[in-house]
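Reviewing the structure listed below.
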Amino acid sequence: MPSADEPFALIIFGASGDLTRRKLMPALWSLYAARTLPEPFAIVATARTEMSGEEFRRRMRETVGEFARLQPPSEGVWERFAAALRYVPGDPADAGLYARLARTLETLERARAGPPNRLFYCATPPSLYDDIIAHLGASGLAAPRPGGVTRIVVEKPFGRDDASARALDRQLAATFHEEQVYRIDHYLGKETVQNILVFRFANGIFEPVWNRNHVAEVQITVAESLGVETRGAYYEEAGALRDMMQNHLLQLLCLIAMEPPVSFDAGPVRDEKNKVMHALRPIDAARVEEVALRGQYGPGFAEARPVVGYRDEKGVAPGSRTETYAALRLLVDNWRWAGVPFYLRTGKRLAKRASEIAIRFHRTPHMIFRRSPGGVEANSLVIRIQPDEGIALTVAAKTPGPDLRLGPVRLDFRYGEVFGGEPPEAYERLLLDAIHGDPTLYARADWVEKAWQLLQPVLDAWSEAPGAPLCAYEAGSWGPAEADRFIARDGGSWRKP
Ligand SMILES: NC(=O)c1ccc[n+]([C@@H]2O[C@H](COP(=O)([O-])OP(=O)(O)OC[C@H]3O[C@@H](n4cnc5c(N)ncnc54)[C@H](OP(=O)(O)O)[C@@H]3O)[C@@H](O)[C@H]2O)c1
């Protein structure tokens, strides 16, 4: 692995876009401001929009002011960072762009103690990945160079089904070795998500109860209160299953369900996650309705103001059948988890923004406090990913008074309270890992393919059967009423985060 002070160049495709503006540049600046970005570095940005380098730097200063976790302490410090930014306008489908990029890189590398590592970043719509990868190959920019490592970061979505994911992998494999390819799932860079592994494998007391003997069910929720905002056209092609379930929620499931890896290194960690994917019970195409449910939001309220339904959003077809809510019931067929249901749900325009994993344990085998009115809740452990990041364990306690009454209390750890300040953004950690060559928190090709394979029967059922149910729910609610019946079949109910 290259050391932290090796020079590097980052080349961003799609640099006039939303991701660069809201995530990449603010993250790069914050890394620089925190003195964690290896130096010397150069950032070469490219997109079709015509603008000068000066104009690009001005825009990036603005975006850092708006979105970065850390702010420039003075314009002088910003200028030192900005001196490393270059903008090369051009169409990613045009071979001429790559010759210009190569010249810019060579000039920078000569001036900055080259030959550095190069990291290409595809921050364009995925329809352009083919062109970018092919031109990087044909221009020689992807080729290994003496003294420097070349890598490529690919943004999600990695394909839109099993077949297209394989096609993208073939395209990548024709130009890059798998160890050069970094498939980013920004959920894996979140502090609380990384903490799942620390919580499980750096504490001795949880692992003995982390199995079917003690765990009754697992619920994974990624709820958004926002609608599709300006991304209606994109969302029409994606839907909740592709946009969230295939990547973020399945990754979370793997972190909860995986066996202890032999070390916290990319190979062992990703191998264990893959084993979970192999253990997930395949979905029977004839019985999709038993394990998957979809919904779409209608008009309602968000933060007390009226909002339109999905079909009235900009860029959405009036008769759209794209799901904005999806729920799955999955089983992990191995010794640890046999028979434990994993419920996954995600949706837009839900009652609140909340991502969490809730592990409900079995009740005590025998209850001696029978006279306590209302009974006693089973213990539960809730890992809050956002907002209010933290971990809470619910236990029964005696409530004050002469009677022996029991009630649930929460032993609650809150990141903000304990560590203070803003945790680093997921993109900061992930960019740094890609620069250093550590793919532990990135998705591997075989994992991605397995995830598409698992969901393909659901994708088929929802796209091919015109009558496949699409349950309506009111914006600002917790999803369709059918979702409550879906989980009630097993005797359970959804947690309210
Ligand atoms: N935005 C997010 O929050 C977010 C989150 C997770 C993942 N992603 C993924 O990150 C990638 C980039 O997202 P984004 O929201 O930044 O995308 P975007 O704003 O739609 O596009 C990025 C840039 O790509 C260029 N582009 C668009 N269509 C093009 C075309 N037909 N030919 C050539 N260039 C074209 C545009 O620049 P020019 O017009 O100047 O060429 C645009 O500014 C996508 O794969 C997305 O799925 C985004």
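The values are calculated or read from the model by the stated rules, or taken from the named source; none is laboratory data. Predicted model, so just to flag it, every value in this text is computed and none were measured. Ideal geometry is used to build each Cβ from the backbone, glycine not excepted, and the neighbour counts take in all protein chains shown. Protein only, heavy atoms only, side chains kept; ligands, DNA and RNA dropped before computing areas. Shrake-Rupley method; radii C 1.70, N 1.55, O 1.52, S 1.80 Å.
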field: Of all accessible heavy-atom area on the chain, the percent that carbon and sulfur account for (1.4 Å)
entry: 54 percent
Exposure ranking of 198, 376, 44 by accessible area [1.4 Å probe, largest first]: 198, 376, 44
query: Ordering 248, 362, 278 from largest to smallest accessible area (1.4 angstrom probe), what's the sequence?
result: 278, 362, 248
message: Under a crude label model (7 Å from the Cα following the beta-carbon direction), how far is residue 107 from residue 488 in nanometres?
response: 6.8 nm
query: Let a ≥ b ≥ c be the square roots of the eigenvalues of the Cα gyration tensor of the stretch 146-202; is it rounded (a/c under 1.5), or, if not, prolate (a/b larger than b/c) or oblate?
result: oblate
Expected-Rg normalisation [2.2 N^0.38 Å, Cα atoms] applied to the stretch 343-497: 1.40
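Just the number please: accessible area per residue for the stretch 8-155, 1.4 Å probe, all protein chains included, in Å². Don't skip to the answer; put the middle values down first.
Values: 6150 Å² over 148 residues.
Counting only protein heavy atoms, the per-residue value for the stretch 8-155 is 42 Å².
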- prompt: Any idea what the dipole of the chain comes to, in debye rounded to 20, about its Cα centre with Lys/Arg Cβ at +1 and Asp/Glu Cβ at -1?
  reply: 1000 debye
field: Isotropically averaged projected area of the chain, using the convex hull of Cα atoms (one quarter of hull area), nm²
entry: 25.9 nm²
- prompt: Quick one: Cα centre-to-centre distance for the stretch 82-121 and the stretch 246-270, in angstrom?
  reply: 35 Å
Cross-link table 156/348; 190/398; 190/275; 156/275; 273/348; 23/348, entries beyond 30 Å C-alpha to C-alpha: 190/398
task: Work out the length of the dipole vector of the stretch 113-225 about its Cα centre, built from +1 on the beta-carbon of each Lys and Arg and -1 on the beta-carbon of each Asp and Glu, and round it to the nearest 20 debye.
output: 280 debye
task: Quick one: compute the contact order of the stretch 8-155, relative version, from alpha carbon pairs under 8 angstrom and 6+ residues apart, as a percent.
output: 31 percent
- line: Reported to the nearest 10 Å², residue 406 has, with a 1.4 Å probe, an accessible area equal to 30 Å²
- prompt: For the stretch 261-397, what class follows from the C-alpha gyration tensor (a ≥ b ≥ c being the square roots of its eigenvalues): rounded when a/c is under 1.5, otherwise prolate if a/b is larger than b/c, else oblate?
  reply: oblate
- prompt: Hey, if we sort 496, 273, 156 by accessible area with the 1.4 Å probe, largest down, what's the order?
  reply: 496, 156, 273
